[in-house]
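Some notes on the structure that comes next.
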Amino acid sequence: MEIRKVQVTGGSSYIISLPKTWIDSLNIKKNDPLGIITKQDGTLIITPSIIEDEGQKLKLFMIDATYEPDLLFRSLIGAYIAGYKMIKVVSQDDMPASLRRAVKGFCQITIGPEVIEETASTIITKDLLNPSEMPFERTIQRMFIIVKSMYMDVISAFVDRNLSLAEDVIKNDNEIDRLHWLVMRQANLISQDIKVAEKMKTTLWSASHYTKIGKLFERIADHTCRMAKNVIDLGDEKINQGILLGIVDASDHAIDILTASVDAFSDKKIEASNDVIEREKDLIEECEKVTDQILEKQSRIALPLNSIVESIRRIGEYSTDLSEYVIDYIIGEEIVS
């Protein structure tokens, strides 16, 4: 850290000189305006970015009729996560319907982007969401509510052999994806512009941990969908009652661990997070016992049943990972706050 002394000029004005290397690197000239941001801890941030809408970054995709719709869709998601405010897709000739649907599908599955201009060969999208309108805490809480609902539904579908409910669980995975992409996008915006962090009343440290937690929820949702697919594969196959109850008990244990992890995160309780981590071993042992029973009594349908148990175990592991992130986050936040 470079130390510079405060000087007084004119008897009442306090000044401090700025590093020449910083001035030269940003090509700042005499009389150029600089923005000053005052943080709650008294820190001053000096930035050459003083225009609120300077983040109107544009990403251009030049395509033709041979361009793969799936590739275009994934590229649009990548541009969204990277933080581009506007995306312009230009076709050499009239844009094929399949590529036009890919752009429209991108706008439907993400939060914020809307089509603002469209011609026969061009589509322009713009993100209309103000980052401060969707703080990380609200997004993460929403992800948890959806994931928990999906999980409870898939267990009900397994017990009641309700295949339509299992199919609904799979459909809900899109909602988790779009919230996960939003968290990643906002974290990238914060890393690129400190003013976004000020608007969202957060820090880069917090953003990095919210990204990790969002990824865990996305993985838990993936395993929940995998369980739903296995329920569908089981159809109306008869399941041993002891195995059925064993799977339900293990699933209750896993969702209790997840709920406790989220509560510890919301309450910022290190001790509670540590208690959750200690519960993982019991869940693993419980899942191993059920797996042994399945191999002994349900060999014909062992594959989908074991897959369900494995997903329950992985969900428990991801939940304890969340508690580990909570401990790291709380301790680290004490330094950066």
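Where a number appears in this text, it was derived from the coordinates with a stated rule and is not lab data. Keep in mind the model is a prediction, meaning the values are calculated, not measured. Methodologically, a virtual Cβ is constructed for each residue, glycine included, from the backbone with ideal geometry; neighbour enumeration extends over all protein chains shown.
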Looking at the square roots a ≥ b ≥ c of the eigenvalues of the Cα gyration tensor of the chain, which shape do they give, rounded for a/c under 1.5, prolate if a/b is larger than b/c, or oblate?
oblate
Taking a ≥ b ≥ c as the square roots of the eigenvalues of the Cα gyration tensor of segment 7-47, is the shape rounded (a/c under 1.5), prolate (a/b larger than b/c) or oblate?
oblate
How much net charge surrounds residue 142 when only other residues with a Cβ under 15 Å from its Cβ are counted (Lys, Arg +1; Asp, Glu -1)?
-3
Selected from 137, 114, 280 as most flexible by GNM, with the chain as the system and alpha-carbon contacts under 10 Å
137
Ratio Rg/Rh, restricted to segment 135-274 and using Cα atoms, in which Rh is the Kirkwood radius
1.07
Which of 76, 18, 189 ends up with the largest GNM mean-square fluctuation for the chain, with Cα atoms connected below 10 Å?
18
With n ≥ 4 as the cut-off for DSSP H runs, can you work out [θ] at 222 nm for the chain, using -39500 (n - 2.57) per run divided by the number of residues, rounded to the nearest 500?
-21500 deg cm²/dmol
What is the sum of charges, Lys and Arg at +1 and Asp and Glu at -1, for the other residues whose Cβ falls under 11 Å from the Cβ of residue 303?
-1
Expected max-MSF residue from 235, 83, 112 in the GNM of the chain (alpha carbon, under 10 Å) is 235
Using amide H atoms built in the peptide plane, which far-off residues or other-chain residues are under 5 Å from residue 63 H to H?
90, 91, 92
Holding the Cα-Cα limit at 29 Å, pick out from 201/229; 59/201; 126/212; 104/171; 85/268; 171/195 the pairs that are longer than that.
201/229; 85/268; 171/195
The answer for the chain, counting only DSSP H helices whose Cα atoms cover 24 angstrom or more along the axis and whose Kyte-Doolittle average is 0.5 or greater, is 136-160, 241-267
Can you check what the net charge comes to around residue 215, using other residues whose Cβ is under 12 Å from the Cβ of residue 215 (Lys, Arg +1; Asp, Glu -1)?
-2
